Amino acid sequence: MTAPLDVLVVGAGPTGLALAAQLRSYGTAFRILDRSLDRARESRALAIQPRTLEALAGFGVTGELVARGNPAMQLRMHLPRRVVQLPLFDIGLDDTAYPFLLFLSQAETESVLAEHLARQRVVIERGTELVRLERKGLVVTCRLRRGDGTEETVDARYVVGCDGAHSTVRGQADIGFEGYAYPQTFLLADLEADGLEPGAVHMYMTGSGVLLFFPLGSPATWRMLTMGLPGAPEREVTLPLLQEITDPYSTDRLVLRDPVWMTDFRLHNRGAAHYRSGPCFLAGDAAHIHSPAGAQGMNTGIQDALNLGWKLALVCRGAAPEELLETYEAERAPVGRSVRRFTNRAFVIGTSRDPLIRFARTRLAPRLAPTALRAKGTRGRVFRTVSELGIHYRRSPATTAGSRAPVRGPRAGDRLPDMPRGLQARTAGTGYHVLLAGPTRIWSDERIAAVLNGRTDLLAVHRLGEESPWPGVAHGLVRPDGYLGYVARGADLTGLRAYLDQWLPAGACS
Ligand SMILES: Cc1cc2nc3c(=O)[nH]c(=O)nc-3n(C[C@H](O)[C@H](O)[C@H](O)COP(=O)(O)OP(=O)(O)OC[C@H]3O[C@@H](n4cnc5c(N)ncnc54)[C@H](O)[C@@H]3O)c2cc1C
């Protein structure tokens, strides 16, 4: 009998590709498959958030993403008598190397990730569909079907459904997907528009809703997004219909032409009842879908994957206890819920016909936002949420605050800031990283050896000296996903050692 595969990744969208990259970096035995023969060519998500760029930097792909994208985008808000300009770069955050929203189409993002996997000799099994799952003791038996009709049965220890909104894994694992559909119909088109200044995002806000144009470049200059005509019967999306909808928004006539792609769709706000059922996990759109307001969907999916991948990798190689896998849902389900709440709020503000919200949208927001966002501090606070840099796991069972917390600086459960600059790069390698702050003479070799206790494979130690995120003498442990698992003031490493004994037991096979 052949040994079961460690992990089967179902779906090679951005979530599955990111998961595969992380499993590969740990040498985990896995397969990744996708029912479609080719990756998606139409562009869906258009922006990559700073936290995603940080998280992908460990694979060495962030430079390529930035090179292919546009990190210097302006938002132009068109008001009845003036146009207000807001930068989507220089977002007021100085603890990241990527203080901008990177505009890059999802097709390009997937292409960069797929090229990385190809260099790592990972084969994406395209034209291969998961059709059935069955739990049998400690393994999941998976039935796969190829485009030519042939079938194969694979036994895996874990299966991760990165298979999108209509997830087969979710259905087979009998996990609910509760939520609601928004009543409005949305229209999307890739086309040319005469009268728009190139190289900026254009937003028109009126009482009837919002009209957006995003610079796309290819296959057309603009991606247009708006709502259908209120109260009008559903009509086929045509260029005349799009022009009819556009005209009332703009005082300067915009002429739409040469559409490459036009579609309409309904938006949903739904979340999986659980992110895990036994050996089956859900990540990305399989676990949460919501409105595209705030450009969170793809980013949240990639970060789900990068929260789960190292946990699966360490458990599969016997270096971490099974309980580590329980922390995936504990950490990521609250993030999914908060993204659904946040995108719903933005969606309601952008679309509601309630007189008060219409007044806020058309009168208050355009007047107040530019002044408020001019101050770097306010801009930083607003963008910390959108950029996903503010995500933390302070209440997770896999993060622990020492008995004495440092007076300032990041806490257990926070992301390690890139402050001083370069700290994230130093700790980007696989495994955990111990950070020792304060005069280096305090951190003797004996003290460090007692913490390492033979765990040299997955544990690196960095003496930071005074160049540290905390003032004075302190120590912390960076998890493989760049979040702080443990933080304490002083030089007593007893608490850190207890943390490691729980989550990275010495002597466990690695
Ligand atoms: C029109 C549109 C516009 C969008 N705009 C934005 C935006 O502006 N910003 C943003 O952040 N997000 C946006 N999104 C959402 C974003 O595209 C998704 O959040 C993102 O694609 C989720 O990635 P994923 O890998 O989780 O799922 P997907 O990209 O859906 O990938 C799932 C993959 O699984 C495969 N699959 C499914 N079932 C099986 C099976 N049984 N066996 C094998 N393979 C299977 C599919 O073929 C697919 O390749 C938009 C989405 C749409 C549709």
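Can you pull out the helices (runs of 4 or more DSSP H) entirely within the stretch 420-510 that have at least 3 residues that are in contact with a Ser or Thr (Cβ under 9 Å, 6 or more places away or on another chain) and under 25 Å from residue 312 (Cβ atoms)? Let's see the steps before the verdict.
Values: elements: 423-426, 445-452, 494-503.
Result: 494-503.
Which helices (runs of 4 or more DSSP H) does the stretch 1-114 wholly contain that include 2 or more residues that are away from the ligand (no atom under 16 Å from the Cβ) and not small (Gly, Ala, Ser)?
Working: elements: 14-25, 50-57, 62-68.
Helices (runs of 4 or more DSSP H) meeting the threshold: 62-68.
Any idea which of (1) in the same structural domain as residue 157 (by TED's automatic domain parsing); (2) at pLDDT 90 or above; (3) open to solvent by 40 Å² or more (accessible area, probe 1.4 Å) is the one residue 98 doesn't satisfy?
In the conditions (1) in the same structural domain as residue 157 (by TED's automatic domain parsing); (2) at pLDDT 90 or above; (3) open to solvent by 40 Å² or more (accessible area, probe 1.4 Å), residue 98 misses (1) alone.
Limited to the stretch 206-250, what total is found for residues that are more than 23 Å from residue 88 (Cα to Cα), among the hydrophobic types (A, V, I, L, M, F, W, C) and within 16 Å of the ligand (Cβ to nearest atom)?
Looking only at that region, the number is 3.
Return only the number of the condition from (1) open to solvent by less than 30 Å² (accessible area, probe 1.4 Å); (2) within 15 Å of the ligand (Cβ to nearest atom) that residue 143 does not satisfy.
Condition (1) is where residue 143 drops out.
Considering every residue within the stretch 320-333, establish whether at least one is modelled with pLDDT of 90 or more, within 26 Å of the chain's Cα centre (by Cα), buried (at least 19 other Cβ atoms within 10 Å of the Cβ) and not in a helix (DSSP H, G or I).
For the stretch 320-333, residues modelled with pLDDT of 90 or more, within 26 Å of the chain's Cα centre (by Cα), buried (at least 19 other Cβ atoms within 10 Å of the Cβ) and not in a helix (DSSP H, G or I): present.
Quick check, is residue 347 touching a Gly at 6+ places or on another chain (Cβ under 7 Å), open to solvent by less than 40 Å² (accessible area, probe 1.4 Å) and at pLDDT below 95?
Numbers: touching a Gly at 6+ places or on another chain (Cβ under 7 Å): no; open to solvent by less than 40 Å² (accessible area, probe 1.4 Å): yes; at pLDDT below 95: yes.
No: the conditions fail for residue 347.
Scan 340, 317, 353 and give me the residue that is within 16 Å of the ligand (Cβ to nearest atom) and open to solvent by 10 Å² or more (accessible area, probe 1.4 Å). Before the answer, list the steps.
Values: 317 fails: within 16 Å of the ligand (Cβ to nearest atom); 353 fails: within 16 Å of the ligand (Cβ to nearest atom).
The unique qualifying residue is 340.
Answer yes or no: is there a residue in the stretch 270-287 that is within 8 Å of the ligand (Cβ to nearest atom) and polar (S, T, N, Q).
No - not one qualifying residue is present in the stretch 270-287.
Given (1) over 30 Å from residue 5 (Cα atoms); (2) hydrophobic (A, V, I, L, M, F, W, C); (3) in a helix (DSSP H, G or I), where does residue 298 come up short, assuming only one miss?
Condition (1) is where residue 298 drops out.
Return yes or no: is residue 292 buried (at least 19 other Cβ atoms within 10 Å of the Cβ) and either more than 24 Å from residue 397 (Cβ to Cβ) or not assigned by TED's automatic domain parsing to the domain that holds residue 14 (or both)? Before you say what the answer is, go through the steps one by one.
Numbers: buried (at least 19 other Cβ atoms within 10 Å of the Cβ): yes; either more than 24 Å from residue 397 (Cβ to Cβ) or not assigned by TED's automatic domain parsing to the domain that holds residue 14 (or both): yes.
Yes, satisfied.
Conditions first: (1) open to solvent by 40 Å² or more (accessible area, probe 1.4 Å); (2) aliphatic (A, V, I, L, M); (3) farther than 28 Å from residue 313 by Cα. Residue 3 passes all but one, so which condition is the exception?
(3)
The values are calculated or read from the model by the stated rules, or taken from the named source; none is laboratory data. On a predicted model such as this, the values are computed, not experimentally measured, just so you know. Heads up, the Cβs are rebuilt from the backbone with ideal geometry, glycines too, and the neighbour counts pull from every protein chain shown. Ligands, DNA and RNA are stripped out before the accessible areas are found, and what is left, the full protein with its side chains, is counted by its heavy atoms. Shrake-Rupley method; radii C 1.70, N 1.55, O 1.52, S 1.80 Å.
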